[in-house]
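Reviewing the structure listed below.
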Amino acid sequence: MIRTVATTPFSDQKPGTSGLRKKVPHFSQPNYAENFLQAIFDATERPAGSSLVIGGDGRFFNAEVIRKAIRMAAANGVAKVIVGQNGLLSTPAASNLIRQRKAAGGIILSASHNPGGPDGDFGIKYNISNGGPAPEGVTDAIYKRTREISEYKIVDEDAPDLSVIGTSRLGETEVEIVDPVADYATLMEELFDFAAIREAIAGGLTLRFDAMHAVTGPYAKEILEKRLGAPDGTVLNGVPSEDFGGGHPDPNVVWAAPLVDLLLGPTAPDFGAASDGDGDRNMILGRGIVVTPSDSLAVLAANAHLAPGYKRGIAGIARSMPTSGAADRVAQKRGIGIYETPTGWKFFGNLLDAGKVTICGEESAGTGSDHVREKDGLWAVLLWLNILAVSKESVAEIVKSHWAEFGRNYYQRHDYEEVDKAAAEGLMESLRDRLASMAGQRFGTLVVSEADDFSYKDPIDGSVSTSQGVRIVFSGGSRIVFRLSGTGTVGATLRVYIERFEPDPAKHDLSIEEALGELVRTADAIGEITKRTGRAEPDVRT
Ligand code: G6P
Ligand code: ZN
């Protein structure tokens, strides 16, 4: 029985960088999730007979909303829903399922790397038929619908048991519960030289993968331990939990500190990696070295041809604007295209669909390729392992010879979290006001060569995105970027991205203070960070 329930709009359902994210108590208000889901059903195109993929990262509230989403899909005439067993699907696995099953789209329940639990974060995002996050035209239409919604539809019957793989019916709708890992693992086996990696591991290559109590545990166990023969215990924190063991499932030096300590310590394995809540981010480490996401993108792009899936080379590379220019140098040397997009994986979708780029990456710990339309944590891990297995070099050797060949982009991001919103917006506004007069100004030894507010015209569909971050470039190519996060849920998060290019291999072993100290002090002087936010130090340096 389809029931139509009267509701009234919420004013705050505008999707951010990656879907709608709020605290669980906010999301669990009566009708809050239902309104947003109904807006998705109303505002998105679904050809008759088409299917929809539904899954999430297993965080608190996931199971409840998945059951609602299935019942609402049935009430809204969706012919078939494909759901990960127990409601679990990593974001890249969901993207793969949408593509493989030619679904009209997918509903992914995740707040990515944000903490979970009853007081943690929750999120819903919509992906379109190419498997990628909905572009702004679609998220705007969903938002518009949330402002005028007056009813939602749901079937009375309960959703089927999500733990049982197989097909059943809910009203007119077919509900298929699938193994969340199988198809994804098969895709990875097609892209990478599993035999070579297996041999390297059997021959003594040691590794640890920290799943951070999040969704990648089952994926990593199946792929790394079962299919590639890494010993039991290679996967750390491999059982997904609703509150991620009380931590932030964010693979960076702060939240994955135990893994970092292990890799920088005396008993380090050869290779270490971690992924985030929904499995799309990654962190890469070697014995004695943490590889920055920007460097990882450049190294993967330069060496992708060592993996069978990319043996014919790559068409081009895309990176988000705040990501360092390390990948640009690979593209220039190899004579392939390089694209600079706004922050957010959704901006890569058109370039990937048009075949302009094969590999994409962001400083925010995301790398991926045209195999799906999301960033993919385990993909990056497997490409690294493939490169290690074939080159027989260590992570540190690979990174250092990469710098020697292409130059080193010293890089650091400073985050000021939960800053007063008005103060953060005032800081950005003041920077924008001063942009026109900045060129030629001197700060210590640094002279500004250009300054602008990044805007992007999509080369495929012509859409324009403005105000994507303030860039201040100095003669010599050093750069400071200021941007407000689009994913925070409390106050504002100010991100300051600091970069210096160093071509001379004799200067590739500087400390971060030696390499970036002057730029860091200049960022405070230009941005008036301390003065405007009251913060003398960032909360996180990555
Ligand atoms: C999400 C998106 C990424 C993006 C990141 C930026 O993780 O999936 O594509 O880079 O947000 O987050 P921020 O907090 O800097 O807006
Ligand atoms: Zn994520």
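If you go through the range 494-515 and keep only what is among the β-branched types (V, I, T), out of contact with any Gly (no Cβ under 9 Å at 6 or more places or on another chain) and either within 16 Å of ligand 2 (Cβ to nearest atom) or modelled with pLDDT of 95 or more (or both), you end up with just I498.
Just for the range 480-509: of the residues that are part of a strand (DSSP E or B) and without any contact (Cβ under 8 Å) to a residue 60 or more places away in the chain, which one is farthest from ligand 1 (Cβ to nearest atom)? By that ranking, first place goes to I480.
Looking across the range 272-300 at every residue that is hydrophobic (A, V, I, L, M, F, W, C) and more than 27 Å from S95 (Cα to Cα), the one that is nearest to ligand 1 (Cβ to nearest atom) is identified as V290. When V470, V540, V490, V464 are checked against the criterion of being β-branched (V, I, T) and at pLDDT 95 or above, V470 stands alone in meeting it. Taking the listed residues S90, S95, the one that is among the polar types (S, T, N, Q), buried (at least 24 other Cβ atoms within 10 Å of the Cβ) and over 20 Å from I142 (Cβ atoms) is S90, with no other qualifying. Residue-level check: of (1) within 16 Å of ligand 2 (Cβ to nearest atom); (2) in a loop (DSSP other than H, G, I, E, B), G233 misses just (1). Could you say which residue among A396, A422, A404 is out of contact with any Ser or Thr (no Cβ under 9 Å at 6 or more places or on another chain), free of Cβ contacts under 8 Å to residues at least 40 places away in the same chain, more than 16 Å from ligand 1 (Cβ to nearest atom) and part of a helix (DSSP H, G or I)? After applying the criteria, what remains is A422.
The residue that is farthest from the chain's Cα centre (by Cα), among those in the range 110-145 that are part of a strand (DSSP E or B) and within 12 Å of ligand 2 (Cβ to nearest atom), is D121. For the range 210-230, filtering for residues that are in contact with a strand residue (DSSP E or B) (Cβ under 7 Å, 6 or more places away or on another chain), more than 12 Å from S275 (Cβ to Cβ) and assigned to a helix (DSSP H, G or I) leaves 2. Scanning the range 281-323 for residues that are in a strand (DSSP E or B), more than 16 Å from ligand 2 (Cβ to nearest atom) and in contact (Cβ under 8 Å) with a residue 40 or more places away in the chain, we see that the one that is nearest to the chain's Cα centre (by Cα) is R319. The number of residues in the range 1-39 being of a type in the set (A, V, I, L, M, F, W, C), more than 16 Å from ligand 2 (Cβ to nearest atom) and closer than 25 Å to V490 by Cα comes to 7.
The values are calculated or read from the model by the stated rules, or taken from the named source; none is laboratory data. Note that the structure is a prediction, hence the values are computed from the model and not measured. In this analysis, Cβ positions are derived from the backbone assuming ideal geometry, glycine residues included, and neighbour counts consider all displayed protein chains.
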